[in-house]
Amino acid sequence: MSKLFQQGSIINVGLSSFGEAVAQTGGKADQVEWAPPAAGDRDIGLALARLVNHPQVDDATTKSHQRYLQSQPVLVGIGTAGKDLPGMEGRMLLHAGPPIEWNAMCGPVQGAIIGAILYEGWAPSAEEARRLAGSGKIRYAPCHHHAAVGPMAGVISPSMPVWIIENADGGNRAYSNMNEGLGKVLRFGANGKEVIDRLKWIAATLGPVLARTLQKLGPVEMKPLIAQALHMGDECHNRNAAASSLLFRRLVPAALEAGVPQDALRESLLFMAGNDHFFLNLSMATCKAMLDAAHGVKGSALVTAMARNGVRFGVRMSGTGDAWFQADALPVDGLYFPSYGPDDAAKDLGDSAITETAGIGGFAMAAAPAIVQFVGGTPADAVANTMSMTHITVGRNNAFTLPALNFSGTPAGIDARKVLDTNIMPIINTGIAHKEAGVGQIGAGITRAPLDCFTQGIAALAASVR
């Protein structure tokens, strides 16, 4: 990686863009620092060299990026996980991140699994649920294997209601469960009576109210809603206050005309109005739909998923099928709530990095300067984080523009070649979960996708391309 220093600023570039970056500085860089691509790994560096400016890989990566840009995600309804998610059947529970077995799961994911078993009525107590969870009688799979995404622990069970997002351009669908709010919630591993009661209320009351509302309202285009939220200070990962409000405004008139019982309507509207994170799960499913449209293009270096299970971080690429490229999940560097610190924290966790994969979240921090009060840093850092991602992406998404950057599009479409060429790891802003089940969120901050995931991905892509 090269760093060009000019008038106090630093520009990170790789070998493939070094000449262009020098030209941008007018040849007046005061100092140049250089480090080899792929963190100095000779074999991977040679594999990368074969893929840079490779016609087949360039064409495939552009093609998959265009599919992502052309996707038209639309909220079309509410479904039930066991009925609507492809391939989900029987006693199966979905979790965040790449594949992992019960004994290897972190505390919050195990706690959420126990809660889901109680919610489904497969065991009468937490102790018996834990025994069942480790008995081999429950099948576990990543949400991503079933066209779904879930925040933090990410657990989705068969009878949970799910949002249905459809790509109107390509016909693929993506799903997510519903956001429970803050406090003692399943996604942080809590599984007490109040958590199970809330989940049952979501299934019995909120889900049907939303289903009737969407039947009355009709399809809701998601790109314009996210675009407007970016203009109002959200980045649609850690900050969703504007997006949740915009969605609420769209839903309420139809809900009032949907003919649902008044008590159910009142409870549902109050719940949504009091949850600034309500839109997060929709943001994630929208990004999943956009990126699934880009997946499966042979030879493409475009990253189509980044996900974490609290133990391992996984990356998928469009041109390498369903393979996961994994490394140890990294800790989150951030701000902690009073009485908590790094020793209390779980490692990076959740499917919500799908937002960064799609060019929002940490990639759009320039839109949300207030987020630094939550994750640390300054507004200038937020802009710098967005700008640094331009060096590892195929281009910009002009559907998602950033007022702080003269309404330029967000950097979008991670090119695994550029990650290794520059050694710039994709940035993710995220919540911090306590390492013990049920304690909940203890802070928020910044983390990165491990470089070794991209090293493995590039090696696999190079082996598949002549």
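The values are calculated or read from the model by the stated rules, or taken from the named source; none is laboratory data. These figures come from a predicted structure and were not determined experimentally. Virtual Cβ from ideal backbone geometry, glycine too; neighbours counted across all protein chains shown. Surface areas here come from the heavy atoms of the whole protein model, side chains and all, with no ligands, DNA or RNA. Shrake-Rupley method; radii C 1.70, N 1.55, O 1.52, S 1.80 Å.
I'd like to check which helices (runs of 4 or more DSSP H) are fully inside the stretch 178-245 and have at least 1 residues that are surrounded by fewer than 20 Cβ atoms within 10 Å (Cβ to Cβ) and aromatic (Phe, Trp, Tyr).
Numbers: elements: 193-201, 207-217, 222-231.
Counting at least 1 such residues, we get 193-201.
Open to solvent by 20 Å² or more (accessible area, probe 1.4 Å), within 21 Å of Leu247 (Cβ to Cβ), in contact (Cβ under 8 Å) with a residue 60 or more places away in the chain and out of contact with any Lys or Arg (no Cβ under 8 Å at 6 or more places or on another chain) - does that describe any residue in the stretch 142-165? Checked the stretch 142-165: no residue is open to solvent by 20 Å² or more (accessible area, probe 1.4 Å), within 21 Å of Leu247 (Cβ to Cβ), in contact (Cβ under 8 Å) with a residue 60 or more places away in the chain and out of contact with any Lys or Arg (no Cβ under 8 Å at 6 or more places or on another chain).
Quick one: count up the residues across the stretch 292-330 that are among the β-branched types (Val, Ile, Thr) and open to solvent by less than 20 Å² (accessible area, probe 1.4 Å). Of the residues in that region, 4 qualify.
Residue-wise test of (1) within 20 Å of Ile432 (Cβ to Cβ); (2) more than 17 Å from the chain's Cα centre (by Cα); (3) open to solvent by 10 Å² or more (accessible area, probe 1.4 Å).
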site	(1), (2), (3)
Glu356	yes, no, no
Phe363	yes, no, no
Asp381	yes, yes, yes
Ala384	no, yes, yes
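Return yes or no: is Thr25 β-branched (Val, Ile, Thr) and modelled with pLDDT of 85 or more? I'd like the intermediate steps shown before the answer.
Numbers: β-branched (Val, Ile, Thr): yes; modelled with pLDDT of 85 or more: no.
Considered against the rule, which asks whether it is β-branched (Val, Ile, Thr) and modelled with pLDDT of 85 or more, Thr25 comes out as no.
When the strands (runs of 3 or more DSSP E) confined to the stretch 392-466 are screened for residues that are surrounded by fewer than 21 Cβ atoms within 10 Å (Cβ to Cβ) and modelled with pLDDT of 95 or more, those reaching at least 3 such residues are found at 393-402.
Among the residues of the stretch 365-378 satisfying the criterion of being part of a helix (DSSP H, G or I) and closer than 14 Å to Gly445 by Cα, which is most open to solvent (accessible area, probe 1.4 Å)? By that ranking, first place goes to Gln373. Looking across the stretch 392-408, the residues that are over 20 Å from the mean Cα position of the chain (by Cα) and of a type outside the set (A, V, I, L, M, F, W, C) come down to Pro403, Asn406, Ser408. Looking across the stretch 400-411, just one residue is within 18 Å of Thr304 (Cα to Cα) and out of contact with any Ser or Thr (no Cβ under 6 Å at 6 or more places or on another chain), and that is Thr410.
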